[in-house]
Amino acid sequence: MVPSVNFEKVVFGFFVLLAATLNFGYFYGDIRDPEVHSVFELYLAVVVNIVATILKFGDRTQMGAIYLATSLVASLQLIAAAGVHVYASEVSTMGMDAHAISSVVSLCGGALLANIVSVVLLVIETSSFRHR
Amino acid sequence: MVAIPDDSPDTAVLFILLRRLRQPLLLLVLILTIATFGMSQIDGVDFDGNPRRLTVFESFYFMTYTAATVGYTELFPYTSAQRMWVMGSIYAGVLGWAYALGTLFSIIGDKSFKDAVGLQRFRRAVNRMHQPFYIVAGFGNAGRLVSKGLNNLGHRFSVIDSSAERIDVLIADQLELDPPGWSGDLRTPSLLGWAGLGHKHCAGVIALTDDDEINTAILMTAHLLRPDLRVIARCGTQSAEEQMYTFGADSVINPYERFGGYLVLALQRPITYQLSSWLLAANGSEMPPRREGLADGLWVVAGVGEFAKEVTADLTRAGLEVLVVDPAEGLPDVSGAVGLVAGSASDTLNMSLASRA
């Protein structure tokens, strides 16, 4: 008999992985070259990370609390990255130069680390689950 | 030592309510995401008529104030395609905001949410106590007087009672020390735990409800969990008093018996009574007047029940002539008596008895 799956966990797993993959997609590439970092990917990474954070609202378990913490860290880092991006492209007289884009991408790198922790937690939680 | 129960089922409510916020927030994020992304993909023009798409930032900025119904103006003269998209976004976005805010306000107004927040505040206030304090259980007339006394003497305390209305009275009393108060089932040990039974500065427990059984339960809990604490309990009957001493009460106060005792003292040793009541009175009180010559003659006790029984026993023991009458059976004859104790259960009846004496 196939055990029934908790749909909430499926949705959450989907968003955690999507947050990490989008984050990695934006992060990947020459750190000084704005051409290889798509702004839409950054935008989606921010949104998906916020969604993953909201999905952990009201989770009382220890695991849930750590998920919430890592997602929150990733979201804040990505929002900071988006803020730097906007400042560089819309406000700064220097434009999107190598210094600005490397700040954005390195902030994303920090978020990626938090997202990787989330994915590792997801794997640990899944593998430690015992079928009854 | 046994662990003090500190389970808080009420905080589970907070998580359940937070859970209810998920769906509206996700919906709002989804709407704003789609609206922003679409806005940044539709071809438009700048002020000079050159083709120009909005950046992601400009789209988000525009959608933020538009969906929140603030609505400044268009960033550039929009094309019809952009205006159609904006229109759809407004319908969806305003609904999304209304749903999210409506849910948030309904959660804030939820009674269980308020209770959970109030309990957290109470526990935090108790935990912050940094000098010895007492736990006053029961905030009826006796509890209120004791609280005022403790307050005037500068002793800290926390208050618990079975009714929320009485705790409102505590808040309305505006005592200087601002004692924390909470209501709940006084028989549950966790309520005593929240009130500070496990606190290192807890100095004692005073059980003052008008129910002997509840007082006994409180003192048992306090004595078993913190044998080092002082426990003072109020009781209404002799048997409950003995029971309370067996369960480890440090002192049990039977107000009926105390009244009889003081009455006999006042009759037989007026000067001793005068001195002791002066010593017991608050600091700075005037010396009370002395009353003599009350010991010779007939005393009438009007009333039935525990109080009348105690007083009669005390007066008889003191060698006085006592006539017990039931006020329900008509007016007692008090001519020729030197004193009357109006001891029925009804205050109105007592007042009328006293006025006729």
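Where a number appears in this text, it was derived from the coordinates with a stated rule and is not lab data. These numbers were taken from a predicted model, which means no experiment stands behind them. Because the Cβ atoms are built from the backbone with ideal geometry, glycine has one as well, and the counts that use them run over all protein chains shown.
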**Q.** Full-extension gain in nm, residue B:349 to residue B:55, via 0.36 nm per residue minus C-alpha separation
**A.** 97.4 nm
Q. Where the only charges are on Cβ atoms (+1 Lys, Arg; -1 Asp, Glu), what is the dipole of the stretch B:143-273 about its Cα centre, to the nearest 20 debye?
A. 440 debye
Q | Label-point separation in nm, residue B:290 to residue B:316, each point 7 Å along Cα→Cβ | A | 3.2 nm
Q: Would you compute, for the Cα atoms of chain A, the largest minus smallest coordinate along each principal axis and list the three values in descending order, in whole Å?
A: 62, 26, 18
Q: Per DSSP H run of at least 4 residues, take -39500 (n - 2.57); add these up for the protein assembly as shown, divide by its residues and hand me the 222 nm value, nearest 500 deg cm²/dmol.
A: -19000 deg cm²/dmol
Q: Subtracting the Cα-Cα distance from 0.36 nm times the residue separation, let me have the gained length for residue B:177 to residue B:338 in nm, one decimal.
A: 53.5 nm
Q.
Can you return the lysines within cross-link range of residue A:9? Criterion is Cα-Cα under 18 Å, with same-chain partners fewer than 8 residues away left out.
A. A:56
(Q) For a Förster distance of 25 Å, can you work out the FRET efficiency between the beta-carbons of residue B:72 and residue B:46, rounded to the nearest 0.05? (A) 0.90
Q | Size of charge dipole - chain B - debye, nearest 20, with Cβ of Lys, Arg +1 and Asp, Glu -1, no other charges | A | 1180 debye
Q. Residue B:107 to residue A:17: FRET efficiency via 1/(1 + (r/R0)^6), r the Cβ-Cβ distance, R0 25 Å, to the nearest 0.05?
A. 0.25
Q) What is the distance in Å between the Cα centres of the stretch B:149-171 and the stretch B:173-227? A) 11 Å
(Q) For q values of 0.18, 0.21, 0.23 Å⁻¹, compute log₁₀ I(q)/I(0) with the Debye formula on a Cα-only model of the stretch B:130-253, without solvent. (A) -0.87, -1.19, -1.41
Q. Could you work out Rg/(2.2 N^0.38 Å) for chain B, with Rg from alpha carbons only?
A. 1.66
(Q) What's the ranking of B:98-104, B:117-123 by average number of surrounding C-beta atoms within 10 Å, highest first? (A) B:117-123, B:98-104
Q: Summarise the long-distance tail of P(r) for the stretch B:258-356 by giving the % of C-alpha pairs beyond 17 Å.
A: 54 percent
Q. So how do B:144, B:356 line up by other beta-carbon neighbours within 10 Å, fewest first?
A. B:356, B:144
Q. How long, wide and thick is the stretch B:11-109, going by the Cα atoms along their three principal axes, in whole angstroms, largest first?
A. 59, 19, 17
Q: For peptide A:84-91, compute the average count of partner chain beta-carbon atoms within 10 Å of each residue's beta-carbon.
A: 2
